[in-house]
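Asks: Please see the structure below; I have some questions.
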Amino acid sequence: MKTGSSCVVVIPVHKDRPSQNELVSFMQCFNILGAQPIIVLAPRGLNMEAYKVVVPSFAIIYIDPIWQASLPGYNKLKVSLFFYELFKQYKWLLTYELDAFVFKDELDYWCNQDFDYIGAPWFEGYENPISTRITGVGNSGFSLRNVQTSRRLLKRIAFLKKLRSFWFKSRLQALVRFHKLLAISMNYFQIRSIEKINDLMFDKQVNEDAWWALHVATAFSDYRIAAVTDACRFSFDTQPSFLFKKNGNQLPFGCHAWARYEPLFWEPFVTAFNKYQKPVS
């Protein structure tokens, strides 16, 4: 493990009986990124023996099971200050869910690009794409984010929520006045879109990657999302064969949902990494 690393790899796990594909992903993370700090994030009380069969020793942070008991709970975790405070000693955090797969250790390179958030491209239709039109960047399953920027913006959003709550309790015509206040303070808070600030104020239920990559990135001018060309070199999710061609027939740093989207495309690449056939020492 690197000492004094500015990046941590976080593997969220939530079940004591991972599938074979999940163990493949788990081992591959340690095989390729083992020189980096890797922390498994698990619900308190989870039996970890199945993971230790293939990777005998690793760091674990246990958290309240409520965070990982459901998809809404997990989404709330990833937009909570609590989550980023767990890793505040690092500048960068790579989320590596167990349907991800990493091909090469380019982590330092991507940290040096200084994006606040980068993940695989999204297509029209998102999880069920209906075309090859790329609509944005940000799939979270294999994603890199700036911990310090995330902490700063979450604190800013919390402050704006408190300000809004105070204004509504103590003023008439509160909505109009609050919007005027936001308009006056746009430069101070580096607000790009008051409409998107309203979305954040009302906690609309969206997946956490869309919350960061679409809402926060649109609301604040000091949140830097990677461009599509960079995202294609970083990760694939849906439509991997299309992205492979777009990327000059080159594999990205890693991918997400390799067993879900076009598994026949991924099979020769995943199989080529024969290291996963034996436990990590």
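Asks: Any chance the range 50-58 includes a residue that's within 27 Å of PHE269 (Cβ to Cβ) and of a type in the set (Ser, Thr, Tyr)?
Replies: Looking for residues that are within 27 Å of PHE269 (Cβ to Cβ) and of a type in the set (Ser, Thr, Tyr), one finds at least one in the range 50-58, hence yes.
Asks: Consider the range 116-128. How many of its residues are assigned to a loop (DSSP other than H, G, I, E, B) and at pLDDT 95 or above?
Replies: Of the residues in that region, 1 qualify.
Asks: Still on this model: Being out of contact with any helix residue (DSSP H, G or I) (no Cβ under 8 Å at 6 or more places or on another chain), at pLDDT 75 or above and buried (at least 20 other Cβ atoms within 10 Å of the Cβ) narrows it down to one of ALA227, ALA213, so name that one.
Replies: Only one candidate qualifies: ALA213.
Asks: Restricting the range 24-50 to residues that are over 21 Å from CYS255 (Cα atoms) and within 22 Å of the chain's Cα centre (by Cα), which is surrounded by the most Cβ atoms within 10 Å (Cβ to Cβ)?
Replies: ALA42
Asks: Show me the strands (runs of 3 or more DSSP E) found entirely inside the range 1-105 where at least 2 residues are in contact with a Ser or Thr (Cβ under 9 Å, 6 or more places away or on another chain).
Replies: Where strands (runs of 3 or more DSSP E) fall fully within the range 1-105 and carry at least 2 residues being in contact with a Ser or Thr (Cβ under 9 Å, 6 or more places away or on another chain), they are 7-12, 92-96, 100-102.
Asks: Would you pick out the residues in the range 209-258 that are farther than 27 Å from GLU22 by Cα and of a type in the set (A, V, I, L, M, F, W, C)?
Replies: The answer is LEU214, VAL216, ALA217, ALA219, PHE220, ILE225, ALA226, ALA227, VAL228.
Asks: Anything in the range 26-78 that is polar (S, T, N, Q) and either under 18 Å from SER140 (Cβ atoms) or free of Cβ contacts under 8 Å to residues at least 12 places away in the same chain (or both)? List them, or say none.
Replies: Within the range 26-78, SER57, GLN68, SER70, ASN75 meet the criteria.
Asks: Could you look through the range 225-252, keep only residues that are assigned to a helix (DSSP H, G or I) and polar (S, T, N, Q), and pick out the one that is nearest to the chain's Cα centre (by Cα)?
Replies: THR229
Asks: Can I ask one more? Quick one: what pairs do we get from the range 208-221, first residue on the phi > 0 side of the Ramachandran plot, second surrounded by fewer than 20 Cβ atoms within 10 Å (Cβ to Cβ), C-beta under 9 Å, 6+ apart or different chains?
Replies: none
The values are calculated or read from the model by the stated rules, or taken from the named source; none is laboratory data. Computed from a predicted model, the values in this text were never measured in an experiment. As a convention, Cβ positions derive from the backbone with ideal geometry for all residues, glycine included, and neighbour counts pool all protein chains shown.
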